[in-house]
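Read the structure below first, then the notes.
The values are calculated or read from the model by the stated rules, or taken from the named source; none is laboratory data. Remember, it's a predicted structure, so these values are computed and weren't measured experimentally. For neighbour counting, all protein chains shown are included, and Cβ atoms are generated from backbone atoms with ideal geometry for every residue, glycine included. Quick note on the areas: whole protein, heavy atoms, side chains included, nothing else; ligands and nucleic acids left out. Shrake-Rupley method; radii C 1.70, N 1.55, O 1.52, S 1.80 Å.
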Amino acid sequence: MSIEIVIGVWVATGLSLFMYSFLYKDNPFFKLGEHIYVGVSVGYGLVITYYEVMVKKLYIPMVQGGNWWLILPTFLGLLVLARFIPALAWLSRLSFAFIVGVGSGIAIPRVISSLILQQVQGTLKPLVTTGDGGVVWFTFAGLNTLLIVVGVVSVLFYFFFSIEHTGVVHKVTRIGIYFLMVSFGAAFGYTVMARMSLLIGRFDELIEYASPDYDYATLVLLVVVIAGLVLWERSRTPESGNG
Amino acid sequence: MNDFARRMLSLDRRLIFLLIAVVTLLPLLYPFRLPIRVSPEAQKIYDYIESLPEGSVFLLSLDFDPSSKPELYPMSIALLRHAFRKNLKVVGMTLWITGTSMAESVIAGVAQESGKEKGKDYIFLGYAPGGANVIISMGQDLYAAFPTDYYGVKTAELPMLKEVRTLRDIQYAISLSAGSPGVETWYVYGKEKYGFELGGGCTAVSAPGLYPLIDTGQINGLLGGLRGAAEYETLVGVPGKATAGMDAQSATHFLIIFLIMVCNLLYFLTGQEGRRRG
């Protein structure tokens, strides 16, 4: 195992444990990890954007490839920065006008077609189908279609505020609420699954790093963090608050 | 009974954190291998790749960064293993700048493991800024959207891309996404206009929002979260990190369901006065 990898593993393990220490309470280890995370994220984003975009997509094609027309988008990009100079701030509107104009022109027709018209089409499927065997009055796909139609219509009614929700409208909106609750439940269930997956992924690596190959990084650093938290608790006076 | 319920409800929440940690760790240390049932959405992606003739062009867009690695990295490994086993020509790329080097490492790693050659069996285009605009540009002229690949080789000179000039020359594309740009972007600006078949993989958080696209046939299949990755590993027959994590996933879900039920029961046992107090 190369020394760079072992150092990387120790840093990664230490920072993970620092972040998890927040589950005990807010503490200096967590704060250190939090600040390093913010700093490194911004730094990483800047460096990779500079190299992948400014160097690889702009400088090399322009200077080495002779694509001097790239000056135009570069100029438009630079105009956005004019916002930082109050006297020249109006120049940035040129770039924003270009971004909004082109962006809307590209997005509006495509989004309407893909995410509205095609979804409406998918909602309105036939309940009764005909085929070689004659008319089929009931299928589970038909039942699904019916459920989707009832769900869409009742939820739309729930968000229709131009009329008072009384009588039949009230009953339909109640059905809409049940559909919304089921949808929130499904979304929350998936969110729990996602968060647990992240925890599993991290634990999986922490277990791997607890092996002799990495000089027991997880175990050593876990003891260090726990000892540090004990010392920190002891050093605090009652007046310094509860964290 | 009311007092007991109230005491239980005011227990230190750190006990729950500890329980979750223990229930996650134990199955990772001592797996009990619960069976993994493959969903129709994952099966469809597998079947479609199986149906592609050798030499077909398969585009894998790794639209995520390290923060979604536990869910989408195993998915990309399983998909790449399948594609290379089928001798498909793999075009890798990303629309997420912070995921570029990770995407390169997964493609190069699995290619090496499968004995595939860079430029001939697979290429990695890297990142291009613009999200949806990159897809539109690729649909018009792939060489213009990516004049060079990630390693600086001119795309027009790559043997693998000789017959691939636009997205219309791609037989199947999959976007593994942790948000936007991702699966939806690929459908809206890519598939609908340029006519290639599209599949998706996503984090569990985004899965409910993408299911309507399956029902309408806008995407032909979906791998959702760690479970989707584990399903695909099962289909490919090479268990990996996702399969190993599924026991822990199931165990934590059981615990959370149990805690929700117990807490609700205790909440109702506190009586009206306790509920009013909160």
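Looking at this structure, is A:Gly103 within 25 Å of A:Val80 (Cβ to Cβ) and open to solvent by less than 90 Å² (accessible area, probe 1.4 Å)?
On the way: within 25 Å of A:Val80 (Cβ to Cβ): yes; open to solvent by less than 90 Å² (accessible area, probe 1.4 Å): yes.
Judged against the criteria, A:Gly103 is a match.
Would you check if there is a residue in region A:4-24 being open to solvent by 40 Å² or more (accessible area, probe 1.4 Å) and farther than 30 Å from A:Val223 by Cβ?
no
Quick grid of which residues meet (1) within 13 Å of chain B (Cβ to nearest Cβ); (2) at pLDDT 95 or above; (3) under 28 Å from B:Pro208 (Cβ atoms):
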site: A:Gly103; (1), (2), (3): yes, no, yes
site: A:Val111; (1), (2), (3): yes, no, yes
site: A:Thr123; (1), (2), (3): yes, no, yes
site: A:Leu127; (1), (2), (3): no, no, yes
site: A:Thr139; (1), (2), (3): no, no, yes
site: A:Val149; (1), (2), (3): yes, no, yes
site: A:Val152; (1), (2), (3): yes, no, yes
site: A:Gly176; (1), (2), (3): no, yes, yes
site: A:Leu180; (1), (2), (3): yes, yes, yes
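Mind checking which helices (runs of 4 or more DSSP H) fall wholly inside region A:17-111 and carry at least 3 residues that are under 30 Å from A:Arg236 (Cα atoms) and free of Cβ contacts under 8 Å to residues at least 12 places away in the same chain? Please lay out each step first, then the result.
Working: elements: A:28-49, A:71-80, A:92-111.
Output list reads A:28-49.
Quick check: anything in region B:256-278 in a helix (DSSP H, G or I), within 13 Å of chain A (Cβ to nearest Cβ) and surrounded by 23 or more Cβ atoms within 10 Å (Cβ to Cβ)?
no
Quick one: A:Thr74 ticks every box in (1) away from chain B (no Cβ under 11 Å); (2) more than 30 Å from B:Val183 (Cα to Cα); (3) of a type in the set (Val, Ile, Thr) bar one, so which box is it?
Exception for A:Thr74: condition (2).
Restricting attention to region B:136-152, which residues are facing another protein chain (nearest Cβ under 10 Å) and in contact (Cβ under 8 Å) with a residue 12 or more places away in the chain? Lay out the reasoning, then the answer.
Within region B:136-152, the subset facing another protein chain (nearest Cβ under 10 Å) is B:136, B:146-148, B:150, B:152.
B:Ile136, B:Phe146, B:Tyr150 - these are the residues of region B:136-152 that are facing another protein chain (nearest Cβ under 10 Å) and in contact (Cβ under 8 Å) with a residue 12 or more places away in the chain.
Which of the residues that make up region B:153-197 are among the hydrophobic types (A, V, I, L, M, F, W, C), within 14 Å of chain A (Cβ to nearest Cβ) and open to solvent by 10 Å² or more (accessible area, probe 1.4 Å)?
B:Val153, B:Ala156, B:Ala178
For region A:44-52, does any single residue satisfy the condition of being touching a Leu at 6+ places or on another chain (Cβ under 8 Å) and either within 14 Å of chain B (Cβ to nearest Cβ) or modelled with pLDDT of 95 or more (or both)?
So the first thing to find is which residues in region A:44-52 are touching a Leu at 6+ places or on another chain (Cβ under 8 Å), and the list is none.
So far as region A:44-52 goes, no, none of its residues is touching a Leu at 6+ places or on another chain (Cβ under 8 Å) and either within 14 Å of chain B (Cβ to nearest Cβ) or modelled with pLDDT of 95 or more (or both).
Determine whether A:Arg195 is within 9 Å of chain B (Cβ to nearest Cβ) and open to solvent by 70 Å² or more (accessible area, probe 1.4 Å).
On the way: within 9 Å of chain B (Cβ to nearest Cβ): yes; open to solvent by 70 Å² or more (accessible area, probe 1.4 Å): yes.
Answer is yes for this residue.
Identify, please: which residue in region B:99-120 is in a loop (DSSP other than H, G, I, E, B) and surrounded by fewer than 19 Cβ atoms within 10 Å (Cβ to Cβ) and is, among those, nearest to the other protein chains (Cβ to nearest Cβ)? Steps first, please.
Of the residues in region B:99-120, the ones in a loop (DSSP other than H, G, I, E, B) are B:114-117, B:119-120.
With the extra rule that they be surrounded by fewer than 19 Cβ atoms within 10 Å (Cβ to Cβ), the set shrinks to B:114-115, B:117, B:119-120.
Numbers: B:Ser114: 23, B:Gly115: 25, B:Glu117: 23, B:Gly119: 18, B:Lys120: 23 Å.
Among residues in region B:99-120 that are in a loop (DSSP other than H, G, I, E, B) and surrounded by fewer than 19 Cβ atoms within 10 Å (Cβ to Cβ), the one nearest to the other protein chains (Cβ to nearest Cβ) is B:Gly119.
Looking at region B:86-96, which of the residues that are over 13 Å from B:Ser177 (Cα atoms) and not in a loop (DSSP other than H, G, I, E, B) is most open to solvent (accessible area, probe 1.4 Å)? Break it down stepwise before answering.
Initial filter on region B:86-96 (over 13 Å from B:Ser177 (Cα atoms)): B:86-92.
Retained after the next criterion (residues that are not in a loop (DSSP other than H, G, I, E, B)): B:89-92.
Values: B:Lys89: 59, B:Val90: 0, B:Val91: 1, B:Gly92: 0 Å².
Looking at residues that are over 13 Å from B:Ser177 (Cα atoms) and not in a loop (DSSP other than H, G, I, E, B), I get B:Lys89.
Out of the residues in region B:121-135 meeting the condition of being within 12 Å of chain A (Cβ to nearest Cβ) and part of a loop (DSSP other than H, G, I, E, B), tell me which one is most open to solvent (accessible area, probe 1.4 Å).
Pass one, region B:121-135, residues within 12 Å of chain A (Cβ to nearest Cβ): B:125-135.
So of that shortlist, the ones also part of a loop (DSSP other than H, G, I, E, B) come out as B:128-131.
Working: B:Ala128: 5, B:Pro129: 59, B:Gly130: 43, B:Gly131: 13 Å².
Within region B:121-135, the match that is most open to solvent (accessible area, probe 1.4 Å) is B:Pro129.
Show the residue pairs meeting these rules: Cβ distance below 8 Å; 6+ apart or different chains; first residue within region A:193-207 and more than 20 Å from A:Thr218 (Cβ to Cβ); second residue open to solvent by 30 Å² or more (accessible area, probe 1.4 Å) and not in a helix (DSSP H, G or I).
A:Ala194/B:Val205
Looking only at region B:14-24, decide whether some residue is closer than 30 Å to B:Lys116 by Cα and either within 14 Å of chain A (Cβ to nearest Cβ) or part of a loop (DSSP other than H, G, I, E, B) (or both). Full working, then the answer.
Restricting attention to region B:14-24, the residues satisfying the condition of being closer than 30 Å to B:Lys116 by Cα are none.
So far as region B:14-24 goes, no, none of its residues is closer than 30 Å to B:Lys116 by Cα and either within 14 Å of chain A (Cβ to nearest Cβ) or part of a loop (DSSP other than H, G, I, E, B) (or both).
Any chance you could count how many residues in region B:49-85 are in a helix (DSSP H, G or I) and not basic (Lys, Arg)? Quick ask: steps written out before the conclusion?
So the first thing to find is which residues in region B:49-85 are in a helix (DSSP H, G or I), and the list is B:49-51, B:66-85.
Okay, now just the ones that are also not basic (Lys, Arg), so B:49-51, B:66-68, B:70-80, B:82-84.
Going through region B:49-85 one residue at a time, the tally reaches 20.
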